[in-house]
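The values are calculated or read from the model by the stated rules, or taken from the named source; none is laboratory data. The structure presented is a predicted model; accordingly, all values stated were derived computationally and were not measured. With ideal geometry, Cβ positions are generated from the backbone for all residues, glycine too; neighbour counts draw on all protein chains shown.
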Amino acid sequence: MTSRDTIACLGAGRMGRGIAVAFAYAGHDVAIVDFKARDTDKFAGLEAEALGEIRKTFASLSRFGLLTPADVETLMARVSVVPETGAAAALSSAAIIFEGVPEVLDLKREALAKASQLAGPNAIIASTTSTILVDDISSAVAHPERFLNAHWLNPAYLVPLVELSPGKATDPAITARVIELLEGIGKKPVVCAATPGYIVPRIQALAMNEAARMVEEGVASAADIDKAIKYGFGFRFAVLGLLEFIDWGGGDILHYASQYLTGALNSDRYAAPDIIGRNMAEGKVGLRSGEGFLDYAGMDVDAYREQRLAAFVDLLRHFELAKPPVL
């Protein structure tokens, strides 16, 4: 793919608009394709609404210092909203098509089948579904080897992560091309198996439910729980990955903490998975042993720790909590 490939988004909803902003910002022309048959007036209303929201987003980014007000018109010129009657022309010229119709299996299969018939022979097709497994819809796509799922997190134009789930038929070269495209616009793609919840939604569902449960149990107020998450949980995991953090403290610490919480709170939801015990038995507890979930062999551990601590200090400055010493 080239840096100026044309992008198509199926559906003019929030996800399609967010993806359009991300690609237009990075220099791509983007066609937002409306797959619903509408009369002229209804399409004009949809077009005005979608372009109006995109314009407001660019205006916000200019206020945040990511672009100048003068840049807005240049970026807006890269985005078009195309009616159903223009879908064939728009899709046939797109290098990659992101499907973003509502999360209804039959609607997605119908949209993907139609898009794959109209797409060019070398076009990549990606669903953005957050709930449906890639192989539950891949059979709707002509030539499913060019199909995979690309799960963006809202707001798509700001959150760097995109979770890619190839299907059983997906050509690995297609996955590699999508990774290259996303990295080229500043995203951080990861590849995960086609399982419910992908990576982030699966983890955050546990965390959000636990936070709600603590409110229900009277552990703390909603405001204090959110404060704890922002300045403790989120603070640490903005710098360290979850598995990296296990290694940082030691997998043995998680093992014993999990045992205690399982008993004290009388719930198996705190039980550690088998891999924690296996790592301990094999002496792979993290930084202290040189290996855990990650491999630290040959690493300058002191320099690594220094870099991570410096990142924490940068976060303190972000939160305006970095104070000079009292002398």
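Scan the range 303-314 and tell me whether some residue there is hydrophobic (A, V, I, L, M, F, W, C), assigned by TED's automatic domain parsing to the domain that holds Glu210 and touching a residue at least 60 places away in the same chain (Cβ under 8 Å).
Yes.
Quick one: what pairs do we get from the range 37-60, first residue at pLDDT below 95, second of a type in the set (A, V, I, L, M, F, W, C), C-beta under 8 Å, 6+ apart or different chains?
Taking only residues 6 or more apart or on different chains, the pairs are Arg38/Leu46.
Residues to consider are Thr175, Thr170; find the one that is at pLDDT 95 or above, outside any helix (DSSP H, G or I) and more than 28 Å from Ala297 (Cα to Cα).
Thr170
Run Thr170 past the list (1) outside the structural domain of Tyr25 (by TED's automatic domain parsing); (2) buried (at least 16 other Cβ atoms within 10 Å of the Cβ); (3) of a type in the set (Ser, Thr, Tyr) and report the number of the one that doesn't hold.
Thr170 satisfies all of (1) outside the structural domain of Tyr25 (by TED's automatic domain parsing); (2) buried (at least 16 other Cβ atoms within 10 Å of the Cβ); (3) of a type in the set (Ser, Thr, Tyr) except (1).
Within the range 167-179, can one find any residue that is within 20 Å of Glu103 (Cβ to Cβ) and in contact (Cβ under 8 Å) with a residue 12 or more places away in the chain?
Yes: one or more hits.
Looking only at the range 178-190, count how many residues are loosely packed, with under 13 Cβ neighbours inside 10 Å and assigned to a loop (DSSP other than H, G, I, E, B).
Total meeting the criteria: 1.
Write out, first by first residue and then by second, each pair whose Cβ atoms fall under 6 Å of each other, whose residues are 6+ apart or on separate chains, and whose first residue, in the range 135-146, is farther than 16 Å from Asp106 by Cα while the second is crowded, with 21+ Cβ neighbours inside 10 Å and not hydrophobic (A, V, I, L, M, F, W, C).
Filtered contacts from the range 135-146: Pro144/Ser138.
Please verify whether the range 34-43 includes one or more residues that are under 25 Å from the mean Cα position of the chain (by Cα) and closer than 18 Å to Tyr157 by Cβ.
Looking through the range 34-43, none of the residues is under 25 Å from the mean Cα position of the chain (by Cα) and closer than 18 Å to Tyr157 by Cβ.
Based on this model, can you work out whether Ala89 counts as surrounded by 14 or more Cβ atoms within 10 Å (Cβ to Cβ), modelled with pLDDT of 95 or more and either assigned by TED's automatic domain parsing to the domain that holds Ile174 or among the charged types (D, E, K, R) (or both)?
no
I'd like to know if the range 266-288 contains one or more residues that are exposed (fewer than 14 other Cβ atoms within 10 Å of the Cβ), within 24 Å of Leu161 (Cα to Cα) and charged (D, E, K, R).
No, the conditions are met nowhere in the range 266-288.
Looking at the range 128-151, which of its residues are more than 21 Å from Ala12 (Cα to Cα) and in contact with a Gly (Cβ under 8 Å, 6 or more places away or on another chain)?
Val134, Asp135, Ser138, Pro144
Which of the residues that make up the range 289-307 are among the charged types (D, E, K, R) and surrounded by 14 or more Cβ atoms within 10 Å (Cβ to Cβ)?
Glu291 - this is the single residue of the range 289-307 that is among the charged types (D, E, K, R) and surrounded by 14 or more Cβ atoms within 10 Å (Cβ to Cβ).
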